[in-house]
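Have a look at the structure below, then the notes.
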Amino acid sequence: MIVIRTVAEMQSWTDAARRKGQRIALVPTMGYLHEGHLALVRIARTKADVTVVSIFVNPLQFGPAEDLAAYPRDAVRDESLLRREGADVVFHPEVAEMYPPDFTTNVQVERLSDGLCGRSRPGHFRGVTTVVAKLFNAVRPHVAVFGGKDAQQAGIIQRMNRDLDFGIDIIIAPTVRESDGLALSSRNTYLSQLERRQAPVLYRALQYGARLIELGERNPQMIIPALSDMIMRETSGRIDYISIVDTETFADVTRVKSEVLIALAVSLGKTRLIDNILAQPPL
Ligand code: PAF
C-alpha cells in the first residue's frame, strides 16, 4: 500500500493504472476509521482492480461553531487498518494541497441540499460536494463507495455525479451498526457512557416509525411526534429534526404514498448523531 499526498502524484498514479486497463475504486473518508469504513473498502475491492481510500478532514464542510479542531484523527492506525484490509493507495493530502490560499471555486447541488442537515448546517453540503468533486478529479475513479448513514449526502453526490457528468458508478452501502443498533460513526467516540447507553433509542425510534408506515399509517404528523416522544423519554438529547422525506428530493412528504426515508438528527450532549431508515407503506 502506498501513501500519496499530492493531487499531481495521485493523478499520475491513476493515469498509469488506467493505462494498464485497471478499474479504480475510491472510498472517500475523513479518517478515524471504524468498521463502517472498512465495510466500504471491502465493497470497493469487489468492484475494482485497485482501491484508493482518501483521508481528508475537510474544513469546508464544518461550520464555524462545529468540531473541526476536535474531530478525531489517527493516521497511523488508519493506515495500518487499510493495509490489513488490502487497500492499494491512501490519498492523504494536507489542507493547503486541497485548498491553496487563492482557492475560490465551490460546487453546490441546489434544492437537495436545503432540507434536513442542510437546514441546520448551512454550507455543509457545499463543502462536501466541493471536496468530493476535487477527490473525483484527483483519483478519477470508475466507482466510488459511500455509506448510507449519510443518506442525504449520498443522494446529493449521486445528483452531482449525474449533473456534472463525472460518469462514476456510485455505490451506497448499507449502514453498519453496533449490536444494539447504534449506527457506527467516528463521532460516537465523543459520547459519555450515559449518552452511549441512551443512543440506541434513535434506531429503535426509526424502526418504530417504519413499522407504523408498514402497518398503514400515512400521516407524518401522527408518526413524527411518536418518535420524538420515544427519544425524549429515553434521553436528555436535543432533537434537531425528525423528518419523513421523499427518497430522491429529500423534501418533506405530507402523506406517505410510496417508499419514504425517515431521517433524524439528535444531539446527545455535544455529539450530533444522524441516522435514517427506509419505510414502505402497504400496497
Ligand atoms: O462522509 C464523509 O466522511 C465525508 O463527508 C466525505 C464524503 C469523505 C467528504 O469529506
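Just checking, how many residues over the range 167-185 are assigned to a loop (DSSP other than H, G, I, E, B) and either at pLDDT below 95 or among the acidic types (Asp, Glu) (or both)?
2
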- Keeping to the range 252-276, report how many residues are over 20 Å from residue 196 (Cα atoms), in contact with a strand residue (DSSP E or B) (Cβ under 6 Å, 6 or more places away or on another chain) and either surrounded by 17 or more Cβ atoms within 10 Å (Cβ to Cβ) or not charged (D, E, K, R) (or both). 4
- Message: more than 26 Å from residue 247 (Cα to Cα), touching a residue at least 60 places away in the same chain (Cβ under 8 Å) and not aromatic (Phe, Trp, Tyr): which single residue out of 144, 138, 75 fits that description?
- Response: 138
- How about the range 245-269: which of its residues are without any contact (Cβ under 8 Å) to a residue 24 or more places away in the chain and either of a type outside the set (Asp, Glu) or part of a strand (DSSP E or B) (or both)? 246, 258
- Residues in the range 129-141: is at least one at pLDDT 95 or above, among the β-branched types (Val, Ile, Thr), assigned to a loop (DSSP other than H, G, I, E, B) and over 30 Å from residue 200 (Cα atoms)? no
- Here the residues within the range 175-220 that are within 16 Å of the ligand (Cβ to nearest atom) and among the aliphatic types (A, V, I, L, M) are 176, 183, 184
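For (1) without any contact (Cβ under 8 Å) to a residue 60 or more places away in the chain; (2) within 13 Å of the ligand (Cβ to nearest atom); (3) buried (at least 20 other Cβ atoms within 10 Å of the Cβ), each residue gets a yes or a no:
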site: 1; (1), (2), (3): no, no, no
site: 23; (1), (2), (3): no, no, no
site: 34; (1), (2), (3): no, yes, no
site: 44; (1), (2), (3): no, no, yes
site: 49; (1), (2), (3): yes, no, no
- Task: Quick one: in the range 85-121, of everything that is small (Gly, Ala, Ser) and surrounded by 20 or more Cβ atoms within 10 Å (Cβ to Cβ), which residue is farthest from residue 62 (Cα to Cα)?
- Result: 87
- Message: Just to be sure I understand, how many residues within the range 128-174 are more than 13 Å from the ligand (Cβ to nearest atom) and of a type in the set (Phe, Trp, Tyr)?
- Response: 1
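The values are calculated or read from the model by the stated rules, or taken from the named source; none is laboratory data. Not measured: the values here are computed from a predicted model. With ideal geometry, Cβ positions are generated from the backbone for all residues, glycine too; neighbour counts draw on all protein chains shown.
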